Amino acid sequence: MLVDIISKNGTMLLNILQRPDGTIDEWECWTLEEIGTWFDVAAEGVYATRPWRVYGEGESKVIIDGFRESEVAWGPSDYRFTCKGKDVYAFMMCAPENRRAVLKSFVEDTVEKVTLLGYGEVPFAQNFGILTVSLPENLPTQYTNCLKVTLA
């Protein structure tokens, strides 16, 4: 949900409940630690970025009813984008099981290199506007991983 909101130039308020003495429960502590671990890997694609020309691609749709957003069953075709300079950050909302990321939003661009945040450069091919990226077997985070696509 956080990545989807960021790709649309939004902000998210995280509600961490405190006890009367100011301490927090184990669940809230675990949540903050997990978010921090994810930010250790993906922060470059979040901080000081802007929305790209499209916020995302894929088949899954987010349904918002007032201030409530339903849970989305993300698929391997779902990506959300941010950008900074020549770099476009493509967040994989669901890592493909075959470890081949296929992105269709780079038809107008020439890709110079692709880096998996938290891992390093990864092999890619760009044919007929379709960007295909080979991913390692073990991804850097169990949550939403991010490809840094550097444009020429």
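Some points to look at:
- Most mobile listed residue (125, 95, 42) in the chain, GNM with C-alpha springs under 10 Å: 125
- Among the listed pairs 8/113; 113/148; 61/84, a Cα-Cα separation exceeding 19 Å is found for 8/113; 61/84.
- Apolar share of the accessible surface for the chain: 53 percent from carbon plus sulfur atoms, 1.4 Å probe.
- Relative contact order (%) - the chain, alpha-carbon pairs under 8 angstrom, separation at least six: 21
- Using a Förster distance of 30 Å, the FRET efficiency for residue 11-residue 97 (Cβ separation, nearest 0.05): 0.40
- Sites residue 54 and residue 119, calculated FRET efficiency, Cβ-Cβ separation with R0 25 Å, nearest 0.05: 0.50
- C-alpha long axis of helix 26-42 to longest principal axis of the chain, angle in °: 20
- Per-residue SASA entry for residue 65, accessible area with 1.4 Å probe, Å² rounded to 10: 110
- For peptides 27-34, 43-50, sequence by mean Cβ density within 10 Å, most packed first: 43-50, 27-34
- Net charge in the neighbourhood of residue 59 (other residues with Cβ under 15 Å of its Cβ; Lys, Arg +1, Asp, Glu -1) is 0.
- Between residue 142 and residue 107, the C-beta separation translates, for a Förster distance of 35 Å, into a calculated FRET efficiency of about 0.65.
- Comparing 22, 58, 36 in a Gaussian network model of the chain where C-alpha atoms under 10 Å apart are linked, the largest mean-square fluctuation is found at 22.
- The alpha carbon gyration tensor of the range 71-140 gives principal lengths a ≥ b ≥ c with a/c below 1.5, which makes the shape rounded.
- Per residue, the accessible area of the chain comes to 61 Å² when a 1.4 Å probe rolls over the protein heavy atoms.
- When the surface is traced with a 1.4 Å probe over the full set of protein chains, residue 8 keeps roughly 90 Å² accessible.
- Solvent accessible area, Å² - residue 91, 1.4 Å probe, full protein context: 0
- Around residue 145: net Lys/Arg minus Asp/Glu count, Cβ-Cβ under 12 Å: +3
- Here the Gaussian network model covers the chain, with springs between Cα atoms less than 10 Å apart; of 15, 98, 127, 15 fluctuates the most.
The values are calculated or read from the model by the stated rules, or taken from the named source; none is laboratory data. This is a predicted model, so every value here is computed, not measured. Note that each Cβ is placed from the backbone with ideal geometry, even for glycine, and that neighbours are counted across all protein chains shown. Areas reflect the complete protein model, heavy atoms only, side chains present, ligands, DNA and RNA absent. Shrake-Rupley method; radii C 1.70, N 1.55, O 1.52, S 1.80 Å.
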